[in-house]
């Protein structure tokens with residue numbers, strides 16, 4: 001698996017999928033397309049296509065694209081509460097190595113996923129969901145902290161990861177939320193995780209489907225201007241279960257409607273027309289840019305290959321020199 | 001500094017104060033008394049007495065107690081916006097090695113602290129405050145994540161720590177919030193911190209001034225029943241600056257008043273009488289138990305010495321075996 005003369009990080013994650021680096025691309029809906037997922041997989045990580053709510057045409061397009069670009073392991077992620085059987089079947093037809101479900105009970109879908117030969121990855125936001133994931137037969141559990149971009153729960157990564165590790169052992173656990181560089185990956189390993197899943201960092205990569213103007217806003221953020229909100233779900237017409245909110249960059253639309261969700265919902269049809277126009281115009285004073293607090297660590301847009309190489313090399317160096325703390 | 005045959009963790013923190021372990025007791029107001037701070041210092045960490053809002057009689061009592069119990073370095077922490085000059089003077093009169101300020105601009109107090117020979121520790125919750133702390137001449141900066149118990153900001157520890165490290169280098173940075181065991185300490189070091197400050201974990205220690213019934217609630221918590229709120233400040237009559245909220249265990253009082261803060265404030269005098277009675281009766285369905293998400297990692301009440309020994313030994317072992325990830 002090596003190829004270079006360097007020491008490389010081996011964990012339950014790299015073993016499970018035959019990866020060179022314990023780095024997973026978060027399946028950001030509409031942002032983690034086939035090109036980005038393939039680039040992460042080709043760089044030695046695990047690329048997950050972000051199928052989001054399950055748009056069949058989009059998925060078919062991106063999964064076909066991905067299959068033309070990589071022979072390495074890859075996967076797909078979908079929102080559990082929005083998953084339809086025909087979309088599950090469609091995705092499994094492309095033979096992903098990994099199938100990630102988040103935001104809902106994965107148990108109804110687990111048998112089909114495992115029968116198709118995909119590893120089941122369940123993303124959880126608290127200990128109760130972790131136990132459900134274990135009951136579902138998850139091969140890998142992602143503990144996602146509240147600092148992650150996009151939808152998530154209320155618990156923070158640093159205390160959540162070791163608690164999930166203890167709760168589901170010996171199932172391997174991946175850390176997600178707030179990880180943007182090799183320091184975060186090395187910290188995740190110290191917490192008992194087998195690797196890290198990164199979203200926002202890869203949003204601001206050359207291959208992501210995010211628009212340039214959105215990527216520039218992530219690069220400009222110091223991580224302090226993100227917030228969790230429901231307003232973008234309301235205006236887009238998605239009915240999320242109550243305990244999941246979406247973390248995004250604060251913008252004029254969020255400032256206007258946060259705390260006035262009922263008013264927005266009451267006039268959502270009119271607001272949606274204006275919102276969709278803003279999306280088309282890449283007007284991010286109105287349109288959402290999902291982003292996590294790890295934006296503080298992002299100083300520029302880079303290729304996925306460069307990111308995987310840099311993050312893993314930095315983490316390797318931190319681990320290599322960990323004993324230098326010891327006297 | 002060693003004394004045992006074991007490898008021990010040396011960092012800028014242990015060097016700054018001559019500690020055996022890079023572990024700092026958070027100055028929890030009214031909970032981190034002289035006995036607990038002395039126990040942490042005697043165990044090789046740095047004990048900080050929690051002076052809170054600056055009750056002079058309480059401070060005098062606890063600092064006198066502490067000085068009778070330890071010859072090791074120790075310190076005191078106070079709430080900046082509540083700090084009065086006579087309390088500053090009183091605390092400095094006990095010659096603390098460290099003086100921690102949090103929640104406000106430390107610059108007016110920095111000269112007196114440094115002139116008295118104390119090291120200035122500034123606790124910050126975001127990057128803007130980190131830059132103010134640097135301007136104040138802080139010898140050490142604590143990056144406190146939102147998962148911490150008691151008052152804090154909105155940013156989470158895992159992404160906040162490396163961002164603060166980058167922003168204030170070469171000033172050493174301590175990680176706080178969500179750290180409850182050796183895994184968290186080792187992770188903090190990987191993030192670039194020089195050690196960890198622990199609050200909730202020491203709340204549930206034998207020597208803390210927390211009541212047994214409160215400690216039992218922390219032990220029983222899985223970390224998922226904490227929330228940030230203003231209701232306990234309102235009922236106690238403290239006017240905190242708007243961006244700081246306090247993280248506590250959810251209880252009946254919080255459930256009743258959260259979201260109805262204006263109603264509570266309108267009738268705070270009557271509510272206060274009932275609240276204070278509940279405090280006296282150790283009725284924690286009403287009285288507050290400040291606690292962070294690290295409560296998930298706390299399985300019992302232990303002595304401070306046992307905690308310092310176990311957390312540091314676990315972290316040492318993690319660092320020692322970090323290279324086992326490398327192939």
Exercise for the section: For the stretch B:166-176, state whether one or more residues are in contact (Cβ under 8 Å) with a residue 24 or more places away in the chain, under 23 Å from residue A:319 (Cα atoms) and assigned to a loop (DSSP other than H, G, I, E, B). Expected result: yes
Exercise for the section: Inspect the stretch B:279-291 for any residue being crowded, with 24+ Cβ neighbours inside 10 Å, touching a helix residue (DSSP H, G or I) at 6+ places or on another chain (Cβ under 8 Å) and assigned to a helix (DSSP H, G or I) and give the result as yes or no. Expected result: no
Handout entry: residue A:113 vs. criteria in contact with a strand residue (DSSP E or B) (Cβ under 8 Å, 6 or more places away or on another chain), closer than 20 Å to residue A:158 by Cα and not assigned by TED's automatic domain parsing to the domain that holds residue A:243
Key = no
Practice task
Of all residues in the stretch A:195-228, count the ones that are within 13 Å of chain B (Cβ to nearest Cβ) and surrounded by fewer than 24 Cβ atoms within 10 Å (Cβ to Cβ).
Solution key: 6
Practice task
Answer with yes or no whether residue A:64 is in contact with a helix residue (DSSP H, G or I) (Cβ under 8 Å, 6 or more places away or on another chain) and crowded, with 24+ Cβ neighbours inside 10 Å.
Solution key: no
Completion exercise
Exception for residue B:151 within (1) more than 8 Å from every other protein chain (Cβ to nearest Cβ); (2) within 16 Å of residue B:177 (Cα to Cα); (3) in contact with a helix residue (DSSP H, G or I) (Cβ under 8 Å, 6 or more places away or on another chain) falls at (3)
Exercise for the section: Answer yes or no: is there a residue in the stretch A:9-30 that is closer than 21 Å to residue A:149 by Cβ, surrounded by fewer than 18 Cβ atoms within 10 Å (Cβ to Cβ) and more than 14 Å from chain B (Cβ to nearest Cβ). Expected result: yes
Handout entry: Single condition residue B:129 does not satisfy, out of (1) closer than 30 Å to residue A:291 by Cβ; (2) outside any loop (DSSP other than H, G, I, E, B); (3) under 16 Å from the mean Cα position of the chain (by Cα)
Key = (3)
Fill in the blank from the handout: How many residues of the stretch A:132-145 are farther than 20 Å from residue A:15 by Cα and in a strand (DSSP E or B)? The answer is 1
Handout entry: Given (1) surrounded by 22 or more Cβ atoms within 10 Å (Cβ to Cβ); (2) not in a helix (DSSP H, G or I), index of the condition residue B:113 fails
Key = (2)
Practice task
Scan the stretch A:243-258 and give yes if some residue there is under 24 Å from the mean Cα position of the chain (by Cα), assigned by TED's automatic domain parsing to the domain that holds residue A:220 and loosely packed, with under 14 Cβ neighbours inside 10 Å, otherwise no.
Solution key: yes
Exercise for the section: State yes or no: is residue A:161 more than 8 Å from chain B (Cβ to nearest Cβ) and within 25 Å of residue A:111 (Cα to Cα)? Expected result: no
Practice task
May I ask you to verify whether residue A:172 is within 14 Å of chain B (Cβ to nearest Cβ), in contact with a helix residue (DSSP H, G or I) (Cβ under 6 Å, 6 or more places away or on another chain) and either surrounded by fewer than 24 Cβ atoms within 10 Å (Cβ to Cβ) or within 22 Å of residue A:23 (Cα to Cα) (or both)?
Solution key: yes
Fill in the blank from the handout: So, first residue within 15 Å of residue A:134 (Cβ to Cβ) in the stretch A:106-118, second residue assigned to a helix (DSSP H, G or I), Cβ within less than 8 Å, six or more apart or across chains; the pairs are A:106/A:80; A:106/A:132; A:106/A:133; A:107/A:132; A:107/A:135
Exercise for the section: Could you check, for the stretch A:264-277, whether at least one of its residues is at positive phi and not assigned by TED's automatic domain parsing to the domain that holds residue A:31? Expected result: no
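The values are calculated or read from the model by the stated rules, or taken from the named source; none is laboratory data. Predicted, not measured: the structure shown is a model, and the values here were computed from it. Note: ideal-geometry Cβ built from the backbone for every residue, glycine included; neighbour counts use all protein chains shown.
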